[in-house]
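Report on one structure; see the data block that follows.
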């Protein structure tokens, strides 16, 4: 009997009102974690607007938000569905909603497809190029959870998926390609790939026991943490490059300096022999990084003439 079927025999979800199912699905996809990627999409979109006509177009910004949240929700739902058997075998993740039965697989797929439809609808309303390229953004979101089955570097696939955000936001505003957006996208991807190395270090024992591939499982926790530091050093370099490429002012550089300090703090509280503060590093520090950089980027754009 598989872990999945066993868990479904033990945990039979009782009928719930619609509101309860919706709340359970939102817990499943950790909707509040949209805060990690959204600020960088906003930075790209607002920089593009400042270059275009110097005005914030609130309708476009709203559609960018809807598209980002829709795509991320689709990605998280697919991740949980595809990984439900792996999650059932890992004590840290055995409480997740698809394992306990709080959300059924059918409900999760329904939510995922609704989120995908929302994403595609927002892309269509933005411009034809966004709609045409929407599958390019969606495919890595589905490939990522399978990555841990065939490569020791699934974190790189996650980084690639997250790099799409700023690039897509720039395309949404301008309808044209921008290498500046690529620089910012790479910064986001390398940043998120780096902190995923930290987060995955919690699961080394379970991953090795069940054949799940990852950098920590293959190279050990010290190797993963060194890799995370290298990723965040590269992220810093890319943020500096983006600021120089877009003519950023003093506020941007203050924001980057704060991000560098946050990286230093993040790596000081997580050690190979002490992973007890991983959640603080993952949830708190990385949330602060995204929001702080956005606030300073916005202040810089306003100082350079962006009209809000």
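The values are calculated or read from the model by the stated rules, or taken from the named source; none is laboratory data. Treat the numbers as computed from the prediction; the structure is a model and nothing was measured. Here the Cβ positions follow ideal geometry from the backbone for every residue, glycine too, while neighbour counts run over all protein chains shown.
Could you name every one of the helices (runs of 4 or more DSSP H) located completely within the range 4-86 that has at least 3 residues being at pLDDT 85 or above, in contact with a helix residue (DSSP H, G or I) (Cβ under 7 Å, 6 or more places away or on another chain) and more than 28 Å from residue 259 (Cβ to Cβ)?
18-28, 58-82
Test residue 263 against the stated conditions and say whether it is surrounded by 19 or more Cβ atoms within 10 Å (Cβ to Cβ), without any contact (Cβ under 8 Å) to a residue 60 or more places away in the chain, under 18 Å from the mean Cα position of the chain (by Cα) and closer than 20 Å to residue 37 by Cα.
Answer is yes for this residue.
Per-residue answers, yes or no, for (1) without any contact (Cβ under 8 Å) to a residue 24 or more places away in the chain; (2) surrounded by 19 or more Cβ atoms within 10 Å (Cβ to Cβ):
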residue	(1), (2)
198	no, yes
216	yes, yes
221	no, yes
229	no, no
243	yes, yes
250	no, no
254	no, no
270	no, yes
284	yes, no
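In the list 182, 173, 139, 204, which residue meets the criterion of being without any contact (Cβ under 8 Å) to a residue 12 or more places away in the chain and either assigned to a helix (DSSP H, G or I) or surrounded by fewer than 21 Cβ atoms within 10 Å (Cβ to Cβ) (or both)?
139
Of the numbered conditions (1) out of contact with any strand residue (DSSP E or B) (no Cβ under 9 Å at 6 or more places or on another chain); (2) assigned to a helix (DSSP H, G or I); (3) crowded, with 18+ Cβ neighbours inside 10 Å, residue 103 satisfies every one except a single condition; which is it?
With (1) out of contact with any strand residue (DSSP E or B) (no Cβ under 9 Å at 6 or more places or on another chain); (2) assigned to a helix (DSSP H, G or I); (3) crowded, with 18+ Cβ neighbours inside 10 Å applied to residue 103, the lone miss is (2).
Which one is modelled with the highest pLDDT among residues in the range 272-282 that are in contact with a helix residue (DSSP H, G or I) (Cβ under 8 Å, 6 or more places away or on another chain) and farther than 14 Å from residue 204 by Cβ?
Result: 277.
Could you tell me which of the residues 306, 238, 225 is in contact with a helix residue (DSSP H, G or I) (Cβ under 7 Å, 6 or more places away or on another chain), buried (at least 17 other Cβ atoms within 10 Å of the Cβ) and under 19 Å from residue 160 (Cβ atoms)?
Residue meeting the stated conditions: 238.
In the list 125, 120, 129, 160, which residue meets the criterion of being modelled with pLDDT under 95, over 20 Å from residue 33 (Cα atoms), touching a helix residue (DSSP H, G or I) at 6+ places or on another chain (Cβ under 8 Å) and assigned to a helix (DSSP H, G or I)?
Result: 129 is the single residue among 125, 120, 129, 160 that is modelled with pLDDT under 95, over 20 Å from residue 33 (Cα atoms), touching a helix residue (DSSP H, G or I) at 6+ places or on another chain (Cβ under 8 Å) and assigned to a helix (DSSP H, G or I).
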